[in-house]
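To start, the structure itself, in structure tokens.
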Amino acid sequence: MTTGFARRMLSVGAAQAIELGLQMLLPILLVRILSPDDFGVYRLVWLLVMTVALTVPMGAIESLFFFLPPTTATGRLAYVRQTELYLVLASAGTMLLVVALRSHLPPGVARAADLGPWIIALATFWVWGTLLDQLPTIEERIRWQTVSSIVLSVVRAAASLAVAWYWRDVKALVIALAAVSAIKVVLLQIYIWRFHRGSPAWVEGTRFKRQARYAIPLGVNGLLFGARRQVEQWIVAALFTPVQFAAFSIAGVLAPLLFIARRSVSYVVLPSMSKSHAAGDVAGVLAVNHRVNLTLAMVLFPIFAFAFAFADVLISLVYTPAFVAAGNVMRVMIAGWALQVIDMQSLVLLLGASGYAARVNAVLLLISIPCSWLGAHLGGLPGAAAGGVVAMFLERAMLIRRLARDVDLTARQFQPWGELLWFAGLGAGAAALAWYSVTLILVWSGFPAVLAGALICGGAYAATVLLWGKHRSVRNG
């Protein structure tokens, strides 16, 4: 049973890793096909679409995890159909309103909204199709989930590159993306027809009210958390050019790495943490959390430190010199990613602090908006990213203080701060050694500088970690 569960999680995780990998690769290729200005508009199109995808669902899809398993076949189809109907009407209506009010939007965003019916179609099909990302998993049809995710990711990337290369036009690219999203909706209908036969009413009043009461709190909490990530991008879209917005969005290229690492580890350790918590073993829960955080710190801190030191070279090499402004933005964002290495979400879940976390997110959203706005005016693109980092620091501080109090510990006792700082300092030292060696001694640039820097940084870090591990073993043995 445990092996089967782990296999399913690894299967879903592998599909998501492939999808995220293609999402990271596609912009690297598109910047070499589209003009910098067109690439900026393309990124603004995705800002609009992803904002609709963040605000519209309001927990409707997540609520199916609660309603589908215990429900009869007819009832399951009713929940699926009313979820579909809501997603379509809400996303299309929201995007129609955005397009109608495009004259009041920032100039760059207005250019994206000028695509009219095509961006409406893309947003509607995209949000509608997200149901296929969850429904097979809810019903434990993992093969459907993994195969459809991988195939659609490959088709989307291939179609985007082919259309961009042939037409070199943003409108043609958006039409292609809308077509691929429509194919995803067709696959969703095939799945529903295959596994949910029947013809219930599209909306059943009692079921709709039950689902809405359960889904809306989930949606509000997710909206508050996600809005903190979106608000910086909207501030940049309002104050800067499409090219500068593209640079800002490119700066977040390493965020999926943190996302995959955190989620992969959570899948492995959350069951054991849950068992310890059910047995009243809070110390055991914290011990697992400490191991997770130290493992993530040991792996991610040197990567973040290397990216911090070589940000300008990496951006120029991977995304062309037209977007070198992303380098300093990435450096600011890295401070926030380093804070996120400390996993609080599993403890919030197990210790019953979700309501407190939602209130914290609401307050921090109000704080991050003026911070990012003021930072953008005072410090340009890097200043705009500072609001999110400030909010992340405050969130971690508030959650640590609250959770530590819940388990009768001080904030200093709540995490292995000494070891976490050791890995951070070690990563920073290795990256500094690499940067000094490459830029001041070897005086290399471009790909040779990145390759040599990575070898020096990785080698110095790994050697020190191994020596430190042996020293600890001898001291404790």
Residue selected from the stretch 416-464 under the condition touching a Leu at 6+ places or on another chain (Cβ under 7 Å), of a type outside the set (Gly, Ala, Ser) and within 17 Å of Ile315 (Cα to Cα), by the criterion least open to solvent (accessible area, probe 1.4 Å): Val450
Those residues of the stretch 345-358 which are in a helix (DSSP H, G or I) and over 21 Å from the mean Cα position of the chain (by Cα), in sequence order: Leu350, Gly355, Tyr356
Hits in the stretch 153-177 - residues which are of a type outside the set (Val, Ile, Thr) and open to solvent by less than 10 Å² (accessible area, probe 1.4 Å): Ser153, Ser160, Ala164, Leu173, Leu177
Filter pass, Ala305 being crowded, with 22+ Cβ neighbours inside 10 Å and at pLDDT 95 or above: yes
Pairs with Cβ under 8 Å, 6+ apart, first in the stretch 18-36 and closer than 15 Å to Ala164 by Cα and open to solvent by 60 Å² or more (accessible area, probe 1.4 Å), second assigned to a loop (DSSP other than H, G, I, E, B) and among the β-branched types (Val, Ile, Thr): Arg32/Thr320
Residues of the stretch 103-116 that turn out to be under 20 Å from Ser249 (Cβ atoms), over 26 Å from the mean Cα position of the chain (by Cα) and either among the polar types (S, T, N, Q) or assigned to a helix (DSSP H, G or I) (or both), as a count: 1
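Results for (1) in contact with a Pro (Cβ under 7 Å, 6 or more places away or on another chain); (2) within 15 Å of Asp133 (Cβ to Cβ); (3) modelled with pLDDT of 85 or more, shown as yes or no for each residue.
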| residue | (1), (2), (3) |
| --- | --- |
| Pro36 | no, no, yes |
| Val45 | no, no, yes |
| Ala53 | no, yes, yes |
| Val56 | no, yes, yes |
| Phe66 | no, no, no |
| Pro70 | no, no, no |
| Leu85 | no, no, yes |
| Leu89 | no, no, yes |
Verdict on Ser368 being in a helix (DSSP H, G or I), touching a residue at least 40 places away in the same chain (Cβ under 8 Å) and polar (S, T, N, Q): yes
Lone unmet requirement of (1) within 25 Å of Ala428 (Cβ to Cβ); (2) assigned to a helix (DSSP H, G or I) for Ile342: (2)
Cβ-Cβ under 8 Å pairs, at least 6 apart or on other chains, the stretch 182-196 side open to solvent by 60 Å² or more (accessible area, probe 1.4 Å), far side modelled with pLDDT of 85 or more: Ile183/Leu152; Ile183/Val155
In the stretch 207-244, the residues that are closer than 27 Å to His104 by Cβ, open to solvent by 30 Å² or more (accessible area, probe 1.4 Å), of a type outside the set (Val, Ile, Thr) and over 17 Å from the mean Cα position of the chain (by Cα): Ala238, Leu239, Phe240, Gln244
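The values are calculated or read from the model by the stated rules, or taken from the named source; none is laboratory data. The structure displayed is predicted, hence computed values, not measured ones. With ideal geometry, Cβ positions are generated from the backbone for all residues, glycine too; neighbour counts draw on all protein chains shown. Ligands, DNA and RNA are excluded from the accessible area calculation, which covers all protein heavy atoms including side chains. Shrake-Rupley method; radii C 1.70, N 1.55, O 1.52, S 1.80 Å.
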